[in-house]
1. Using 7 Å Cα-to-Cβ label points, what is the Arg4/Val85 separation (nm, one decimal)?
2. Between Glu37 and Leu12, with labels modelled 7 Å along Cα→Cβ, what's the label distance in nm to one decimal, could you check?
Amino acid sequence: TGSRARAAFWSLMTGLTEPLGALVGLGVLYSGHMTEEALGVIMGMVAGIMVFIAVRELIPRALLFDPHGHVVSWSIMVGMGIMAVSLIMLAYFDKSGGSSSASITDSGAVAGVVAAANATAALLAGAPSPAPKMLL
């Protein structure tokens with residue numbers, strides 16, 4: 001920015017987004033307008049943002065430190081495996097109350113893991129995008 005005061009101002013502005021967002025969220029929550037559908041839309045949007053950040057920023061940056069991609073690839077697969085197991089366990093125990101009558105595919109966890117694995121494989125098959133020079 002070329003100015004400490006300007007940098008401090010923008011840092012303050014970006015820092016205020018969280019408490020302001022929390023106040024908006026509280027207002028929506030206590031107004032009675034938070035429906036199951038609205039919560040689903042919000043969660044879906046947040047998930048999309050998280051996936052975008054992982055695919056666009058985190059994985060390419062990790063590949064800069066692992067030129068052959070072996071450690072990064074295995075780490076991604078292990079992380080997805082851990083998440084798949086946790087989603088399956090949550091769906092199993094949530095639906096069955098501890099019994100063995102629930103199907104592990106009821107929550108769509110398996111389809112989500114397969115989709116994430118396909119996206120990761122496609123990313124790893126291509127060349128990683130270079131990191132911005134200002135962050136190196």
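1. 5.0 nm
2. Distance between the two pseudo-spin positions: 4.2 nm.
Read-outs: derived from the displayed coordinates by stated rules, not from any lab. Everything numeric here is computed off the predicted structure, so don't read it as measured data. A quick note on method: Cβ atoms are made from the backbone with ideal geometry, for glycine too, and the neighbour counts reach across all protein chains shown.
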